[in-house]
Structure formats: C-alpha cells, structure tokens
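Below is one structure, written out as structure tokens; the observations come after it.
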Amino acid sequence: MSEAERARRLRRRHMHERQAVIFGVLLSFLALSFVVAAAVYTGNLNVPFFSRAFTAKPSPTATHDPQPCPPAGALPVAAGSITVNVYNGTSATGLAKSTGDALTQLGFKVQTEGNAIASYIGTARISFGIQGIAQAYTLAAHVDHAELQLDTRKDASVDITLGSAFVSLKPTDKVTLDPNTPLAAPVGCVPYDQLATAPAATPTATSKG
C-alpha cells in the first residue's frame, strides 16, 4: 500500500471519528433538552422564562373604585320612578332580558335590555350620574355585592351591567328598604363631589342580551 493510499485511509478514519463524536454530542444534547422540557412541563423544574406560571396570563378581576355616598337624608326612590337600562356583561344568552323582566315585575321602568360593550367580572356594576345617586342605591338594594360607579350623565337614569358572578336579584324579603328611612352610607364611601366621574357608558343593545 502506497503512502498516499495510507494517508487517505487515515484521513477518512479521522473524519468518521469526528462525525461519530459530533453525532454523539447532538444526540446527548437532544436527550438532555427532552429531559429538561419534560421537567419544566410537569413542574419539577422551575425555569423563569419557560415556566407555565411565568407565561400564564393573569385572570381578569373586578376593580372597585370608591363608591359615592348617598346625599345626607336621601330616601329610597319608588321603583316606578327609576328608569333602568339592563346590560349583559357575560356570555350567557338572555341574562339582560330575564333580569329586566324581574325588575319590571318589581315596578322598575326598564328602558333598555342588551349586551354590554365589554364583559364584567363580578356580580353587577350600577352606573349613574349625580342626579341618580338615590335611584342607584335603591336599585343596589336588590343586588348582592353590586359595584356603584358615578359617571357623567345628566339625567337620573341608572344602568346595571350584569357580571359573571350574577345569579339573580335578591328575594324581596331580603331587600331592606324603608321608604321613610334615609339611605345608609356604606363604610368607605366618598362624597360624590370628591369622586372623579367615568364617562357615561353606551353599551350595545341587542336581542341576545
């Protein structure tokens, strides 16, 4: 065998050895990557940039601004004098319609039933202007854990946006309103003239409310 042939065979052997080493390293890296990925996925390894807790989107929650206090000495308003717009802030079909029917049976003047522009996480949000504070508190007496929000409307109408935690109105025997007793100011409320007002909402009314 000539020296040239021996040199070629030696080069080929070295090339095969290098290829074997490279393939071995690649296979080891792939195996290690699989093990790490499995550990991260199952929660056995906490890697900030890959952990599910790091990448998960936070769940939406209801935000509650301070609610305005009722005017001193303000009495509950007769249901027949309160104009209510009912909006569905959930994906449930017909919630605004069924709740509007229930409010009508209680004597409220339901003007609009429809879907809210945005979903609401919570029981219900009652929106109203300065002229409708007593009306809003009267309506809120029929809803557990309602959020009261002052906006810029000029009339005494009241909007109620039903949220994902809403089930139904309170039973009438659980509604504690006395037409001759002033509305009670809840703990933590703020005089309405000290609150920033939100723009009046214009939810979309549809037949699916």
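Across the stretch 19-27, in residue order, what do the Karplus-derived ³J(HN,Hα) couplings come to in whole Hz, using 6.51 cos²θ - 1.76 cosθ + 1.60 with θ = phi - 60° and x for Gly and Pro?
Rounded to whole hertz, the list is 4, 5, 5, 4, 4, x, 5, 4, 5.
Please state, as a whole number in µm²/s, the translational diffusion coefficient that the Stokes-Einstein equation yields for the stretch 79-194 at 4 °C and 1.567 mPa s, with Rh defined as the Kirkwood radius across alpha carbon pairs.
It diffuses with D of about 90 µm²/s by this estimate.
Given an 8 Å cut-off on Cα distances and at least 6 residues of separation, report the relative contact order of the stretch 79-194 as a percent.
Details: 225 pairs, mean separation 35.0, N = 116.
The normalised contact order for the stretch 79-194 reaches 30 percent.
I need the phi-derived Karplus couplings for the stretch 80-93: 6.51 cos²θ - 1.76 cosθ + 1.60, θ = phi - 60°, integer Hz, Gly and Pro marked x.
3J(HN,Hα) across the stretch 80-93, in whole Hz: x, 9, 10, 8, 10, 10, 10, 10, 8, x, 10, 8, 6, 7.
Along its principal axes, what span do the Cα atoms of the stretch 99-142 show, with the longest given first and each in whole Å?
Each principal axis gives a Cα extent; for the stretch 99-142 these are 26, 25, 17 Å.
Find which of Thr123, Val143, Ser157 sits farthest along the positive direction of the dipole of the stretch 106-157, computed with +1 on the beta-carbon of Lys and Arg, -1 on that of Asp and Glu, about the Cα centre.
Of the candidates, Ser157 comes out farthest on the positive side.
Only counting other Cβ atoms within 10 Å, I'd like Ser98, Ser91 sorted with the fewest neighbours first. Before the final figure, lay out the partial values.
Details: Ser98 17, Ser91 10.
So the residues, fewest neighbours to most, are Ser91, Ser98.
For the pair Phe29/Glu3, report the inter-label distance in nm, with labels modelled 7 Å from Cα in the Cβ direction.
Spacing of the two 7 Å Cα→Cβ label points: 3.9 nm.
Read the figures in this text as sums done on the coordinates, not as results from a lab. For clarity, every value in this text was computed on a predicted model and none was experimentally measured. Note that we place each Cβ from the backbone using ideal geometry, even for glycine, and neighbour counts take in every protein chain shown.
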